[in-house]
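Read the figures in this text as sums done on the coordinates, not as results from a lab. Since the model is a prediction, treat every value here as computed from it, not as a measurement. Every residue, glycine among them, receives a Cβ derived from its backbone with ideal geometry; neighbour counts consider all protein chains shown.
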Ligand code: PLP
């Protein structure tokens, strides 16, 4: 079968991995250096001095050569003991995967069920935690930006519930798809462990996982009896103090991270967040004009990083995505788990600007029309109007 190379650059509009800027690709395109030498020590220190700002913290941030899933596991095994009770708010596919991972590690996992269209419900959370008078629940896990649904959760509200009840559970937050897109306030919300990854708002390829760690979490770590080796914070924190790692680090991804931090600082984090909000607003205007529905129900929970769109009855979202890929060389995010075939997701996060957004929306609009989902109004015009106004 013939294969025609599509001209131009592939449009990677899934909600991560995101498009890696040329400047970051160039930063990685260097010979690997000695990870025990002075140049590497300087690199580590330069990163560790600056990475906390992206997490909104003065606490240490541990960097793993791992995906986000590894960083989820690290958060749990460093702070808990065998059989500990973990409460996870169900917001979508990723909260469920975290729960499954925790179960696999042998923790007693309780899921506060949700309908995948709303963020964590603080009323439900309060009701459950107030029953836990003997404080059996040792950790509360929340996904800040549920990538499968485009719904955010109010982490500050969860912290207030814990505080109001005087509940000592550790607060663990997945910021895999919010970091560098939507403000993460590790210190402000007094999160104990913030988990993240490199391949979304940080604009890097996949391959780095992160844990930002509060003083409370470091205390818990000293008591925690869950077996751990590779993920152990103590050996990493001790070697990081020397500008090193306890094992061979992902050196070239650290070159990339150093440059990503330069880029975020040059733009200014507040501007980065405002840019994501603006593009998300314009995307929603387009979805509205196309006459399609969002998965997210509540405006205050709309994600600035990803918009999940429900396909009209009778149309298969995966066939639509395949069509867009073939016709326009653009990858859109799939519906995950129970949303498979029913939802497609537009990633508008990372290294992204107005024209990239317009190109993305043009690909969706043309694809919808060719797919037989005609709309009376143009999403592109609606999005452009939104961009003009802000
Ligand atoms: N958490 C969220 C919110 C995610 O979006 C993802 C991946 O997309 C993960 C966790 C898992 O990260 P990884 O696929 O890097 O292991």
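Rounded to the nearest 10 degrees, the inclination of helix 93-104 to the longest alpha-carbon principal axis of the chain is 30 degrees.
When the helix-only estimate is applied to the chain (DSSP H runs of n ≥ 4, each -39,500 (n - 2.57), divided by the residue count), what is the mean residue ellipticity at 222 nm, nearest 500 deg cm²/dmol?
That comes out to -13500 deg cm²/dmol.
Going from the fewest other Cβ atoms within 10 Å to the most, the residues 191, 309, 287 appear in the order 287, 309, 191.
For region 85-141 versus region 372-388, the spacing of their alpha-carbon centroids is 39 Å. For region 249-285 versus region 191-237, the spacing of their alpha-carbon centroids is 21 Å. Taking other Cβ atoms within 10 Å as a rough exposure proxy, 370, 146 sort from fewest to most as 370, 146. Entry note, region 12-121: relative contact order of 17 percent, from Cα contacts under 8 Å with a spacing of 6+ residues.
Remark: relative contact order (the chain) = 23 percent; criterion is Cα-Cα distance under 8 angstrom and separation of 6 or more residues. Principal-axis analysis of the Cα atoms of the chain puts helix 155-165 at an angle of about 40° to the longest axis.
Classify region 93-140 as rounded, prolate or oblate from the Cα gyration tensor: take a ≥ b ≥ c as the square roots of its eigenvalues, call it rounded if a/c is under 1.5, otherwise prolate when a/b beats b/c and oblate if not. The partial results should precede the final answer.
Values: a/c = 3.12, a/b = 1.06, b/c = 2.94.
Judged from the Cα gyration tensor, region 93-140 comes out oblate (a/c at least 1.5, b/c at or above a/b).
Just to confirm my numbers, what's the Cα centroid distance between region 14-54 and region 317-333 in Å? Here the answer is 32 Å between Cα centres.
Tell me whether the chain comes out rounded, prolate or oblate; compute the Cα gyration tensor, take square roots of the eigenvalues as a ≥ b ≥ c, and use a/c under 1.5 as the rounded threshold. Because a/c hits 1.5 or more and a/b fails to exceed b/c, the chain counts as oblate. Among 299, 17, 168, the residue with the largest mean-square fluctuation in a Gaussian network model of the chain, with springs joining Cα atoms closer than 10 Å, is 299. Pairs of Cα atoms nearer than 8 Å and 6+ residues apart set the relative contact order; for region 282-390 it is 36 percent.
Arranged by the count of other C-beta atoms within 10 angstrom, fewest first, what order do 302, 64 take? Don't jump to the answer; show the numbers that get you there.
Values: 302 19, 64 24.
The fewest-first ordering by Cβ neighbours comes to 302, 64.
Could you calculate the FRET efficiency of residue 5 with residue 26 from 1/(1 + (r/R0)^6), where r is the beta carbon distance between them and R0 is 25 Å, rounded to 0.05?
Calculated value: 0.55.
If a/c stays under 1.5 just call it rounded; otherwise compare a/b with b/c (prolate if a/b is bigger, oblate if not). Do that for region 144-186, with a ≥ b ≥ c from the square roots of the Cα gyration tensor eigenvalues.
Details: a/c = 2.52, a/b = 2.16, b/c = 1.17.
Cα axes put region 144-186 in the prolate bin.
Helix 122-131 and the long axis of the chain differ in direction by around 30°, with both axes built from C-alpha atoms.
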